[in-house]
Amino acid sequence: MKKYAEIMLESKGRIIFDPLPLMGSNEMFKPFWAIVIVSGDIGTYYQHLFEKEYGLDTWLSVKDEGVNYTNTHRGIRLQRPAWGAHISFIRGEAFTVNYNSITKGTKRYFKENKGKFNADDLYRYLFAHNYINQEDLERWFDLKKKWDKKIISFNHELTPNTVTNKSAHWWLRVQAEKLKDIRQEAGYKREGYWGLHLTLGNPTPKRQEYSKKLSNYKQFGK
């Protein structure tokens, strides 16, 4: 992973365990996830700057025989994440059970239970149907009881990053030792595969190819 930028800004957010999506169906819920929700203004601001620099740009070019011709460059456009701007620091990491089994059980739960959703009910269902064990459940709820809704400080970079040569999410890289401490306390590695980052959004379908090309610029990419 490349070095962090010398200049970073400090901000604050609130830790949320088992977050519900702000947009879309509750079926987007993911067990064993924890995030930091941040001010929507941060995500909106950096998304605006990013799209302004690399996004849709229409300008008047020439006037020929009384007809105005415009030239349009179609660049990047980002869709807001289901949780809004956020830092996901535990990403579906059960302690002992294979997460594919949990995903399978979650899909079964939503198929059998329509209407009102409650995360605790889902966990009880997964336990009752042997998709998770008691050890994982107790460790998760102990962690949630201690850290859920706590305020945390973090530093973030100013330039968006993404995965090189992919049409993926764009984010601001984050430094937050407290989040790493929480992961380590729970028995996880101090940092997940993608590192800590503040997700701004993913490209709209018509902008995915351009996003992939943009990711190859030397200043972007993991």
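Every read-out reported here was derived from the displayed coordinates using simple, explicitly stated rules and does not represent laboratory data. Since this is a predicted model, take the numbers as computed values, not measurements. So basically every Cβ, Gly included, is an ideal-geometry build from the backbone, and we count neighbours across all protein chains shown.
Here are some notes:
- Cα→Cβ-extended label distance, 7 Å offset, between residue 121 and residue 27, nm: 1.6
- Cα gyration tensor of region 124-222 - equivalent ellipsoid semi-axes, whole Å, descending: 33, 19, 11
- Spin-label pair residue 191-residue 91: with each label point 7 Å from Cα along the Cα-Cβ axis, the two points sit 1.3 nm from one another.
- Kyte-Doolittle at least 1.0, axis length at least 24 Å by Cα - qualifying DSSP helices, the chain: none
- Coil-residue GluC sites (Glu not before Pro) of region 120-198, DSSP, other Cβ within 10 Å capped at 16: 191
- Basic side chains Lys and Arg get +1 at the Cβ, acidic Asp and Glu get -1 at the Cβ, and with that the dipole of region 91-222 about its Cα centre reaches some 600 debye.
- Region 132-162: trypsin sites (Lys or Arg not before Pro) falling in loop per DSSP and having at most 14 other Cβ within 10 Å: 149, 150
- Burial ordering of 101, 25, 11, fewest other beta-carbon atoms within 10 Å first: 25, 101, 11
- Sorted ascending by nearby beta carbons within 10 Å, beginning with the fewest, 33, 170, 83 become 33, 83, 170.
- Computed over the chain, relative contact order equals 27 percent, with contacts defined as Cα pairs under 8 Å that lie 6+ residues apart.
- For the residue pairs 146/189; 3/212; 116/145; 114/180, the alpha carbons lie more than 25 Å apart in 114/180.
- Net length gained if the chain between residue 163 and residue 53 were fully extended (0.36 nm per residue, minus Cα distance): 37.7 nm
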